[in-house]
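Heads up, the thing below is written out as structure tokens.
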Amino acid sequence: MRKAIDTLATPVFVVLGIALALLLRYFLFDFESPDYRAFLSRWYDFIKLRGFLGAFKYDFSNYAPLYLHMLAIATLLPLPKLQAIKLISILFDGVAALLVHRLVKERYSHSLLPVYAALASLFAPTVWLNSAFWGQCDVIYASMVLASLYCLLRGKHDAALILYGLSFSLKLQSVFILPVYALLWLKREFSITRFLHVPAVYFVTIVPSLLAGRPLADLLGIYSRQAQGGRLSMQAPSWYRWVPGVERYFSFLNPAGMVLAAFAILLLFFMIHRGLRKRSMDAETLIQTSLLFTLVIPFLLPQMHERYFFLADLLSIVYAFYFPRHYFVPIIVILVSLFSYFPFLFGAAFIQLSHLALALFVLIVFLTRDLMMRIHSTWA
């Protein structure tokens, strides 16, 4: 009898966990975020009114076509508009959880830890707030990145770059992890021609809009238009939050900040590359490097939104299971992201963004030092 109970305990725990995750999202379904009212709702109506071909020949959204194609599918669902839009992202919450499970299972093949990791991702506050409450779609591109990393761990480089191409076709923020692929290329893990998968996938995803009559130049310029913001920090906990009155100098500090960020990122890239010259990019190093770049790049670049640390939120959960002694890393990363959401979603700052940026900076220094000690024998 006791053995039967022990056998059933795990599946019951998993089923209850999934049920509670769904119930949590169900209670958030009816909230209309400012982004929903200003953008998502209008895009949905535009597609619904004109139909697929009638809508996609116009530049009615600043999002890449692939997500808008998903939105078009949502217009066909027998659901109210708000729920149909949110359902897309909520489905990918499940996909992301499954991929977190697979990534952790690469390290713990005969353990319940991958299950705990998957449930941790489902209940991470920034995950369910982003999808079920806010109605945003960051989990979709992040899922493609996680799938790509899983393929890298399995040695399936073509699949990895195709999936990365899908991620890039959804969100420009996918470039935060591009240095990881560049490091693998420098280690001759795959040829540079395989990077052609990325633009090829993007081109395939814009074909429906091309056939609908939208100009190619317009479709290729979507991301450049997205980069035309007006503030150095769009509620992101970045280093710009430490400079009083910094927004008055946007026209000077925006280009200068990009140059400084590029230098710092290149320096970090070079340091990691030097450390990896005589050692392989093992699973631990891949996860650690991926997390580091997805924290460093949005921390340094100007015009970053608070949501741009979403990929780091998910990767930090995977990281904690690869480095259990660093259990505090996802706690800090996710809490910093969570509190940076508050000013936009709730109109109040529980903790000042400058303080959140400081916490993130300290964590970045810790992660950088730890990685360097692992890959550089002279640092140990």
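The values are calculated or read from the model by the stated rules, or taken from the named source; none is laboratory data. Every value quoted in this text rests on a predicted model; they were computed, and no experiment measured them. Using ideal geometry, Cβ is built from the backbone for each residue, glycine included, and neighbour counts are taken over all protein chains shown.
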query: Is at least one residue of segment 187-210 farther than 30 Å from Ala55 by Cβ, within 19 Å of the chain's Cα centre (by Cα) and at pLDDT 95 or above?
result: no
field: Failed item in (1) within 29 Å of Tyr67 (Cα to Cα); (2) modelled with pLDDT under 95, with Leu253 passing the rest
entry: (1)
Odd one out for Ala159, checked against (1) closer than 18 Å to Tyr67 by Cβ; (2) in contact with a Ser or Thr (Cβ under 9 Å, 6 or more places away or on another chain); (3) without any contact (Cβ under 8 Å) to a residue 12 or more places away in the chain: (1)
field: Residue selected from segment 38-53 under the condition without any contact (Cβ under 8 Å) to a residue 24 or more places away in the chain and surrounded by 12 or more Cβ atoms within 10 Å (Cβ to Cβ), by the criterion farthest from Gly94 (Cα to Cα)
entry: Arg50
- prompt: Is it fair to say Ser89 is within 19 Å of Leu311 (Cα to Cα), part of a helix (DSSP H, G or I), modelled with pLDDT of 95 or more and in contact with a Gly (Cβ under 8 Å, 6 or more places away or on another chain)?
  reply: yes
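Scan segment 316-328 for residues that are within 21 Å of Tyr150 (Cα to Cα) and not hydroxyl-bearing (Ser, Thr, Tyr) and jot them down. Explain how you work it out, then say what you get.
Initially, segment 316-328 is screened for residues within 21 Å of Tyr150 (Cα to Cα), giving 316-324.
If the condition is that a residue be within 21 Å of Tyr150 (Cα to Cα) and not hydroxyl-bearing (Ser, Thr, Tyr), then Ile317, Val318, Ala320, Phe321, Phe323, Pro324 are the ones that fit.
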query: If Val100 passes every condition in (1) in contact with a helix residue (DSSP H, G or I) (Cβ under 7 Å, 6 or more places away or on another chain); (2) among the aliphatic types (A, V, I, L, M); (3) surrounded by fewer than 17 Cβ atoms within 10 Å (Cβ to Cβ) but one, which one does it miss?
result: (3)
- prompt: Does segment 329-349 contain at least one residue that is touching a helix residue (DSSP H, G or I) at 6+ places or on another chain (Cβ under 6 Å), assigned to a helix (DSSP H, G or I), closer than 25 Å to Met271 by Cα and not hydrophobic (A, V, I, L, M, F, W, C)?
  reply: yes
message: Report every pair of residues separated by at least 6 positions or lying on different chains whose Cβ atoms are under 7 Å apart, first residue within segment 253-264 and of a type in the set (A, V, I, L, M, F, W, C), second buried (at least 17 other Cβ atoms within 10 Å of the Cβ) and part of a helix (DSSP H, G or I).
response: Leu253/Val246; Ala261/Leu300; Ala264/Leu300
query: List, please: which pairs have Cβ atoms under 7 Å, are six or more places apart or on different chains, and start with a residue in segment 223-242 that is acidic (Asp, Glu) and end with one that is in a loop (DSSP other than H, G, I, E, B)?
result: none
field: Answer from Leu356, Leu314, Leu286 - the residue that is in a helix (DSSP H, G or I), touching a Ser or Thr at 6+ places or on another chain (Cβ under 8 Å) and closer than 30 Å to His110 by Cβ
entry: Leu314
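Looking at Leu112, is it at pLDDT below 95 and either among the small types (Gly, Ala, Ser) or more than 29 Å from Leu266 (Cα to Cα) (or both)? Walk me through it before giving the result.
Details: at pLDDT below 95: yes; either among the small types (Gly, Ala, Ser) or more than 29 Å from Leu266 (Cα to Cα) (or both): yes.
Spelling it out, Leu112 is indeed at pLDDT below 95 and either among the small types (Gly, Ala, Ser) or more than 29 Å from Leu266 (Cα to Cα) (or both).
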- prompt: If you go through segment 25-37, how many residues are surrounded by 15 or more Cβ atoms within 10 Å (Cβ to Cβ) and assigned to a helix (DSSP H, G or I)?
  reply: 4
- prompt: How many residues are outside any loop (DSSP other than H, G, I, E, B) and within 15 Å of Gly221 (Cα to Cα) when one looks only at segment 41-80?
  reply: 2
Residues satisfying the stated conditions in segment 118-131, i.e. small (Gly, Ala, Ser) and crowded, with 24+ Cβ neighbours inside 10 Å: Ala118, Ser121, Ala124, Ser131
